[in-house]
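> Following this message is one structure expressed as structure tokens.
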Amino acid sequence: MTQAEPEGVLTGLQVMEVADFVAGPYAGRMLAEFGAEVIKIEPPGRGDSARRVGPFAHDAPGLDTSLLFNYLNAGKLGVTLDLSCASGRALLLRLLETADVFLYGGSVQELERLGLGYGHLSRVNPRLIGCYVTPFGLKGPYREYQGGELVASHLSGLAFDTPGGVNDPEKPPLKPGGRQALMIAGLYGCLATFHALFAREAAGQGQEVDVSELEPVTSFQFGGITRQAFAPQTPVRGEAQASPLYRAQDGDVAINPMQEYMWQAMVQVMGNPAWASQPEFTGRANRAANRKALRDLVDQWTQQYPKEEVYQRLQGARVPAFPNNTVADVVASPQVQSRDFFQPMPLPSGERALAPGPRYKFMEGLPGVGRPAPRLGEHTVTLLQARLGLSQQELIQLFQQGVV
Amino acid sequence: MSGTRLPLEGITIADFSWVLAGPRATEYLGAMGARIIKIEGPYRPDQFRSSPIEIPGADSEKYSATFWSLNYSKLGCTIDFTQPKGRELALKLAAVCDVVIENYAYGVMEKARLTYEDFRQVNPEIIMVAGSALGKTGPSKAHVTYGALLHAFSGLNSVTGYEGEPSGTLGGTFTDPLTGATLALAVLAAVWRRRRTGRGQFVDAAMSETTINQFPEAFLDYTVNGRVGGPQGNSEASGAPHGCYPCRGENRWIAIAVRNQPQWEALCGVLGDPEWTRDPRFTDQYQRWCHRAALGALVAGWTQQQDAIDLMHRLQRAGVPAGATYHSGDVLADAHHRARGFLVPLEQEIVGRKPVLRLPWLLDPGPNGNYFPAPLLGQHNDFVFREILGLSAPELEELRAGKVIL
């Protein structure tokens with residue numbers, strides 16, 4: 001079944017992943033994209049909780065059909081191991097003796113229950129890097145608080161300013177669509193693991209890497225935080241970003257003529273309407289002060305055309321503008337298509353689904369994910385035999401006792 | 001080996017980036033120990049030197065709080081690389097660097113003939129990492145943007161908003177810092193590979209693509225199931241109450257995310273077990289989800305009388321996932337962030353003592369980071385041009401006279 005794969009940045013790096021849902025598993029997937037061998041360990045029977053989260057392929061729910069799970073875990077090998085029992089933990093520790101990275105994603109309470117803290121693991125393998133992606137981090141007064149996407153988006157300040165240009169202050173602040181905070185934590189988990197790889201080389205010893213799901217997304221609010229540190233004032237909801245959306249015939253178009261020359265170019269594209277030379281719309285400050293009236297006037301122009309046409313005409317005059325795309329528009333975009341960004345991703349069923357590719361294009365060293373996400377326990381027998389030399393009889397015993 | 005050697009010690013980066021995404025990447029790399037040489041036009045410096053958060057008393061063209069927050073752990077020099085002499089100087093610098101990074105609008109580096117091919121000729125093992133709006137190839141590569149407009153292009157707006165309503169927008173900056181982390185990761189990966197293979201390369205990172213990567217399940221739902229999803233508000237596919245509820249005071253809110261039965265029971269405990277919690281519509285996770293609107297209204301009636309931050313702690317201590325909707329002032333005052341040393345104070349003559357955000361993760365035993373304040377415009381010209389490049393004093397004078405450097 002092996003095929004010659006192009007050598008990746010991390011080819012030869014061994015990662016053991018005990019990570020649930022989104023943040024930790026996404027870090028693991030990013031390491032797998034670079035060619036690392038990522039072995040995902042899941043509890044027997046139920047597996048990763050993302051297996052039960054939709055959307056499901058062809059709307060048929062099942063443990064192997066979650067599209068979220070399949071994306072986050074593509075490229076990994078899958079082993080089931082009951083870590084709540086001593087025999088299961090002992091097998092994991094043996095696997096960790098030769099591993100480079102232990103990637104954990106879950107709560108600190110669970111981590112303590114399983115006894116997989118770095119102090120313990122580093123005694124087994126002093127060169128091991130232990131990357132722990134947890135809701136609030138391993139240290140600090142909230143370390144045992146419960147997190148998740150909603151909590152992190154609100155507690156980070158991301159939700160306070162969303163939606164941009166709040167129209168109705170009675171409506172609650174919003175988390176953005178998808179699972180932005182958790183995906184960001186996964187991205188930072190991968191980034192921090194690279195940092196630790198360099199640190200291991202420099203210092204000759206492994207590292208504990210403490211990634212809180214809250215800190216990376218909070219760091220996106222550096223502008224507001226810096227403002228507070230330099231000139232404290234009570235922030236106003238939605239003020240960070242006025243909505244750049246205008247109505248087109250078939251949806252919205254986002255426009256931001258931030259500089260004066262951009263505004264002048266836009267006025268020309270609009271056909272130099274008389275209102276544009278009125279004093280209330282002359283200069284950036286006046287336009288900001290009369291934002292609402294201005295929006296209605298610009299809307300009258302944009303509404304005459306499809307969003308794609310408004311976008312192309314404004315970009316033709318070098319005015320920053322983009323269509324407010326749906327996911328279907330994005331997949332059909334000639335720009336995105338010309339870069340082959342969406343790539344076929346194998347699913348366990350054998351089907352290949354068009355999925356977003358890696359975040360960057362490398363000339364070499366980024367082979368991407370070649371294999372589908374594992375079915376629950378798919379590689380348990382082969383891996384435990386090959387890596388730990390377990391006999392058929394031992395495997396049968398472990399299976400009968402529910403360890404694997 | 002010494003345990004205090006910084007992980008990226010010995011790596012030098014020629015940093016042609018400006019504004020947000022690129023500077024965020026290089027401040028991370030600087031904190032990890034790389035030597036970052038930030039290159040600015042002497043008469044066209046980083047735009048964020050003059051906006052948007054001014055420092056009282058500082059020359060508003062030269063140093064702003066925004067710039068401070070994005071450029072720690074770097075050396076600063078000036079080169080007008082649009083002039084032939086400046087281009088020559090930029091190439092001379094790249095020849096002694098390991099990495100070149102840039103995030104100008106498409107055309108700036110290309111017009112100056114400072115592309116990967118140009119750098120490779122003076123330094124065959126160079127790594128170049130470029131961040132751009134839509135990528136360095138494709139029919140729209142030259143389109144102009146601000147980061148926030150890419151929330152529209154990437155489809156992220158289309159899934160953001162109140163359930164059943166038209167698409168909203170993300171507030172604040174999002175795509176730019178996201179791209180910053182992505183660029184830093186790309187640099188580390190490319191350097192890691194070069195250590196093993198001796199080969200440099202070019203990395204092309206599009207802000208649009210790193211944003212699309214953030215919500216793959218929505219794209220798969222379309223490519224596999226044909227479904228074009230819309231905004232989901234604060235809700236999740238299952239679980240209730242799962243939303244954001246008003247609290248006492250202006251603009252105070254709390255997010256509560258009940259995902260299972262024990263959390264529901266814990267919430268009822270904090271509520272004081274009122275009669276309505278025993279309503280058959282709320283008996284289990286599935287029933288609560290079916291009746292989530294009615295449930296949400298009842299929860300909101302209760303939260304309205306509570307202080308958001310106090311309630312968050314009461315709920316969390318009882319085992320209920322909850323987070324107050326923080327604004328930036330709350331973040332700055334938060335006890336957890338303080339205990340984790342998330343803000344690192346730095347000292348500089350114009351600024352005094354003010355914090356920056358450290359790398360948003362911790363290494364143990366470390367070392368954890370090397371932090372020093374953002375450079376003034378051209379602050380390290382002498383060091384870069386004389387010590388690193390070995391130029392003579394008359395050569396420097398000539399460059400100054402020609403306005404190639406400051």
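The values are calculated or read from the model by the stated rules, or taken from the named source; none is laboratory data. All of these numbers come straight from a predicted model, not from anything done at the bench. Reconstructed Cβ throughout: ideal geometry from the backbone, glycine too, with neighbour counts over all protein chains shown. Heavy atoms of the whole protein, side chains included, go into the accessibility calculation; ligands, DNA and RNA do not. Shrake-Rupley method; radii C 1.70, N 1.55, O 1.52, S 1.80 Å.
> With a 10 Å cut-off between alpha carbons and a GNM built on chain A, which of A:28, A:368, A:165 moves the most?
Of the options given, A:165 has the highest mean-square fluctuation.
> Let me ask another. Dividing the convex hull volume of the Cα atoms of chain A by its residue count, what figure in Å³ per residue is obtained?
Working: hull volume 75.4 nm³, N = 404.
Spread over its residues, the Cα hull of chain A gives 187 Å³ apiece.
> Multiply the residue separation of residue A:49 and residue A:351 by 0.36 nm, subtract the distance between their alpha-carbon atoms, and state the gained length in nm to one decimal. Mind dumping the intermediate values first?
On the way: separation 302, 0.36 × 302 = 108.72 nm, distance 2.25 nm.
Length gained, residue A:49 through residue A:351: 106.5 nm.
> Let me have the relative contact order for chain A, percent, based on Cα pairs under 8 Å that are six or more residues apart.
21
> At what distance in angstrom do the alpha carbon centres of the stretch A:271-292 and the stretch A:40-95 lie from each other?
57
> Further question: If I model a spin label at residue B:364 and residue B:400 as a point 7 Å from the Cα along the Cα→Cβ vector, what separation in nanometres do I get?
A separation of 5.1 nm, rounded to one decimal place.
> Could I ask something else about it? At residue A:201 and residue B:163, where each label point lies 7 Å from the Cα along Cα→Cβ, what is the point-to-point distance in nanometres?
Spacing of the two 7 Å Cα→Cβ label points: 4.9 nm.
> Identify, among A:245, A:281, A:319, the residue whose Cα sits farthest towards the positive end of the charge dipole of the stretch A:245-329, taking +1 on the Cβ of Lys and Arg and -1 on the Cβ of Asp and Glu, with the dipole about the Cα centre.
Going by the Cα projections, it comes out as A:281.
> Let me have the relative contact order for the stretch A:1-135, percent, based on Cα pairs under 8 Å that are six or more residues apart.
26
> Which order do B:151, A:120, A:58 take by accessible area at a 1.4 Å probe, largest first?
A:58, A:120, B:151
> May I pose another question? Under the definition of Cα pairs under 8 Å and six or more residues apart, what whole-number percent is the relative contact order of chain B?
Numbers: 721 pairs, mean separation 81.2, N = 406.
Once divided by the residue count of chain B, the mean separation gives 20 percent.
> Expressed in nm to one decimal, what extension gain is obtained for the pair residue A:123 and residue A:301 from 0.36 nm per residue of sequence separation less their Cα-Cα distance? Intermediate results must be reported in sequence, preceding the final value.
Values: separation 178, 0.36 × 178 = 64.08 nm, distance 6.82 nm.
So the extension gain works out to 57.3 nm.
> Rounded to the nearest 10 Å², what accessible area does residue A:118 show when all protein chains are kept and the probe is 1.4 Å?
Accessible area, nearest 10 Å²: 30 Å².
> In square angstrom, rounded to the nearest 10, how much accessible surface does residue A:110 have for a 1.4 Å probe?
Per-residue accessible area (residue A:110): approximately 70 Å².
> Under unit Cβ charges (Lys, Arg +1; Asp, Glu -1), what dipole magnitude, rounded to 20 debye, does the protein assembly as shown have relative to its Cα centre?
Working: 74 positive and 82 negative charges, 118 e Å.
Computed about the Cα centre, the dipole is about 560 debye.
> Of all DSSP beta bridges in the protein assembly as shown, what percent run antiparallel (nearest 5)? Let's see the in-between values first.
On the way: 34 of 78 bridges.
In the protein assembly as shown, DSSP labels about 45 percent of beta bridges as antiparallel.
> Using the Cα centre as the reference, give the magnitude of the dipole from point charges on the C-beta atoms of the stretch B:242-333 (Lys, Arg: +1; Asp, Glu: -1; all else neutral), rounded to the nearest 20 debye.
180
> Then there is this: If R₀ is 22 angstrom, what is the calculated FRET efficiency for the pair residue A:113 and residue B:265, using the beta carbon separation as r and rounding to 0.05?
Numbers: r = 21 Å, r/R0 = 0.94.
Rounded to the nearest 0.05, the efficiency is 0.60.
> Now for a separate question. Using the structure shown, select from A:361/B:136; A:361/B:111; B:62/B:403; A:139/A:175; B:62/B:354 the pairs with a Cα to Cα distance greater than 19 angstrom.
A:361/B:111; A:139/A:175
> Between residue A:290 and residue A:84, what FRET efficiency follows from the Cβ-Cβ distance if R0 is 60 Å, with the result rounded to 0.05?
Approximately 0.40, to the nearest 0.05.
> Okay, moving on. When only alpha-carbon atoms count, how far does the protein assembly as shown stretch along each of its three principal axes, as whole angstroms with the largest first?
That gives 82, 61, 50 Å along the principal axes, largest extent first.
> Moving on to the next point. Using a 1.4 angstrom probe on heavy atoms only, work out the carbon and sulfur share of the accessible area of the protein assembly as shown in %.
Numbers: 14870 of 29450 Å².
Its accessible area is 50 percent carbon and sulfur atoms.
> Could I ask something else about it? How much solvent-accessible surface does residue B:125 expose, in Å² to the nearest 10, with a 1.4 Å probe and all protein chains in place?
90
> Let's test the formula: R0 of 22 Å, r as the Cβ-Cβ distance of residue B:96 and residue A:364. What FRET efficiency results, to the nearest 0.05?
Values: r = 24 Å, r/R0 = 1.07.
That pair, residue B:96 with residue A:364, gives E of 0.40.
> Same structure, new question: To the nearest hundred square angstrom, how large is the accessible surface buried between A and B, total for both chains, probe 1.4 angstrom?
Approximately 13000 Å², summed over both chains.
> Multiply the residue separation of residue A:59 and residue A:312 by 0.36 nm, subtract the distance between their alpha-carbon atoms, and state the gained length in nm to one decimal.
87.4 nm
> Further question on the same structure: Charges at C-beta only: +1 for Lys and Arg, -1 for Asp and Glu. How large is the resulting dipole of chain A about its Cα centre, in Debye rounded to 20?
Around 400 debye, computed over chain A.
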